[in-house]
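In what follows, a structure is listed as structure tokens, so that the remarks can point back to it.
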Amino acid sequence: MTHSPTILVFDSGLGGLTVLREVVAARPDAHYVYVADDAFFPYGHHGEDEIIARVVPLMGELIGTHDPDLVVIACNTASTLVLSHLRAAYSLPFVGTVPAIKPACAQSKSRRVSVLGTRGTVKREYTRALIRDFAQGCEVTLVGSPELASLAERELGGHPISDGDILAELTPCFVGDPADADARTDTVVLACTHYPLLLDRMKKLAPWAVAWIDPAPAIARRVSDLLGAQAAGTGQSRAEMIFTSNRTHGLEATLAPFFGGRALA
Ligand code: DGL
């Protein structure tokens, strides 16, 4: 690709920023449009038909307006449902974010893996199929968290959340004999892009140490491979942040690091 590509990164809210920051690091030559569909947040509380009916036409409008070269669906709750619909409807490449069950099970030594996602993501047939195909004999515990994405939004928005709130969502991930490292969960899949926003807190609160699997670096590599060689000498690229609610957020300083320090339009 000889021109600077435009990458549109889409999530229900601010969680996709954890994917964006990896993509920005991998592709500093690209222009970025980040879309938070906060008017419909949280996706985890919506039915499957509602999400398909929301995202597919909205994506058509966004493609029409921003003409991206590639779209990242930085949301597990949406990707596990709408990717096939988007690929059927629009001809540009879509990169999704789906639970990293295969690498988690490949690396688990205790053979106990937990998948922490929204209630929607853990219910999906897509997620169940990943477990059937890639659990490799591991015992996989699905944990559908009702509130963690909203808690992460609040924290990033400058409204501190309590340890107790986080622990209540996290505790079901920790399964087995706490005293026996060979017989307890040793790997937790972060199957919602909001959760890495709380990773430091979760590490401190966890009853024992585990490996936390965040697929964002792998997604960034996939995006970069699809785009091909970087555009040379294009200077600092642009970044735009869109909230579908049109709210005024006052979060420019908080959000800028996720965009590699670019000024937000
Ligand atoms: N960030 C989204 C995900 O990865 C979910 C948050 C929501 O429920 O909207 O699943």
statement: Using alpha-carbon positions, the gyration tensor of the stretch 51-124 gives root eigenvalues a ≥ b ≥ c; with a/c under 1.5 called rounded, otherwise prolate if a/b exceeds b/c, else oblate, the class is prolate
task: For every other residue with a beta carbon closer than 10 angstrom to the beta carbon of residue 186, add +1 if it is Lys or Arg and -1 if Asp or Glu, then tell me the sum.
output: +3
task: Work out the charge dipole of the chain with +1 on the Cβ of Lys and Arg and -1 on the Cβ of Asp and Glu about the Cα centre, then indicate which of 137, 256, 92 is farthest towards its positive end.
output: 137
task: Over all alpha-carbon pairs in the chain, figure out the percentage whose distance exceeds 22 Å.
output: 55
- prompt: Convex hull volume of the Cα atoms in the stretch 1-133, per residue, in Å³?
  reply: 125
message: Could you tell me the calculated FRET efficiency between residue 159 and residue 49, based on Cβ-Cβ distance and R0 = 41 angstrom, to the nearest 0.05?
response: 0.80
query: If only Cα atoms are counted, what is the Rg of the stretch 174-251, and what is its Dmax, in Å?
result: 19.1, 56
field: nm² value of the averaged projected area, convex hull over the Cα atoms of the stretch 114-186
entry: 5.9
task: Name the residues whose placed amide hydrogens come within less than 5 Å of the amide hydrogen of residue 135, ignoring near sequence neighbours (fewer than 5 apart) on the same chain.
output: none
- request: Grab the alpha carbons of the stretch 68-180, take their convex hull, and tell me the volume per residue in Å³.
  value: 132
field: Rule-of-thumb Rg ratio for the stretch 131-265 [Cα; 2.2 N^0.38 Å; N residues]
entry: 1.31
message: For the stretch 1-57, which GluC sites (Glu not before Pro) pass both filters: DSSP loop (anything but H, G, I, E, B) and at most 11 other C-beta atoms within 10 Å?
response: none
- prompt: Could you give me the ³J(HN,Hα) list for the stretch 110-117, computed from phi with Karplus coefficients 6.51, -1.76, 1.60 and θ = phi - 60°, whole Hz, x at Gly and Pro?
  reply: 7, 6, 10, 10, 10, 10, 9, x
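Bear in mind that the values in this text are calculations on the coordinates, not laboratory data. The structure displayed is predicted, hence computed values, not measured ones. Cβ atoms come from the backbone with ideal geometry, glycine included; neighbour counts cover every protein chain shown.
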